[in-house]
Amino acid sequence: MAQDQPEQQMSLSRRWLLQTGAATVLLAASGSLAACNTEAPVPEVQPTSQPPTLVPEPTITSAPTRSPIIAKVSDLQPNSSLVFNRSDYAWELPALLVRRSDGSFVAYDASCTHNRCEVAYLAEAQQLRCPCHGARFRIEDGEVVRGPASAGLTRFRLRVDEASGEIIFLGVES
């Protein structure tokens, strides 16, 4: 009989542990369910026979969506730049107009060819630089000076109207 008593105590301990543990789990679960109760009604979902509406892919058009005038010559001092939205497509994309130190103008696609971050003009270096990973491009032709970009920037054709002083966007240089 002396041996039965420790076994009975051990069984009671296990039983007590299982009962207490189960009660704790049930109490925690009921508290979680009570916390989920909200006063806002749940909207009823109605089945529909209509398929979902999809947004179509943008379509490239050859007609500009805005005026091709980017800026006036007087808007930029030598060795400075201006970001503009080019309008050679049905949507607008960022581009960069640079007035070089000699007074001439160049324009490039402002999206870095490495990861599509917007490049900026570094006046002191006379280069275009990507702030994301440090790629650099020559101002003369948009070619890569330092990676990680492996392709140069797309250059755009411009025309300066001497009479009005307007800088006109003419599209991609071929």
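What follows draws every value from the coordinates through simple rules; no lab data is involved. Every value quoted in this text rests on a predicted model; they were computed, and no experiment measured them. With ideal geometry, Cβ positions are generated from the backbone for all residues, glycine too; neighbour counts draw on all protein chains shown.
With r defined as the distance between the Cβ atoms of Asn85 and Arg116 and R0 fixed at 25 Å, what FRET efficiency is calculated, to the nearest 0.05? Efficiency at R0 = 25 Å is approximately 0.95. Applying 1/(1 + (r/R0)^6) with R0 = 22 Å to the Cβ-Cβ distance of Ile69 and Thr154 gives a FRET efficiency near 0.65. Amide hydrogen proximity for Ala71: with H placed 1.01 Å from N in the peptide plane, the residues at 5 or more positions away or on another chain lying under 5 Å are Ile167. 3J(HN,Hα) along the range 150-162: 10, 10, x, 7, 6, 9, 10, 7, 10, 9, 9, 7, 4 Hz, from the Karplus curve 6.51 cos²θ - 1.76 cosθ + 1.60 with θ = phi - 60°, whole Hz, x for Gly and Pro. Here the gap between His133 and Ala163, fully extended at 0.36 nm per residue and compared with their Cα-Cα distance, gives a gain of 6.7 nm. The H on the amide N of Arg86, modeled in the peptide plane, is under 5 Å from the matching H of Leu93, Ala95, each at least 5 residues off or on a different chain.
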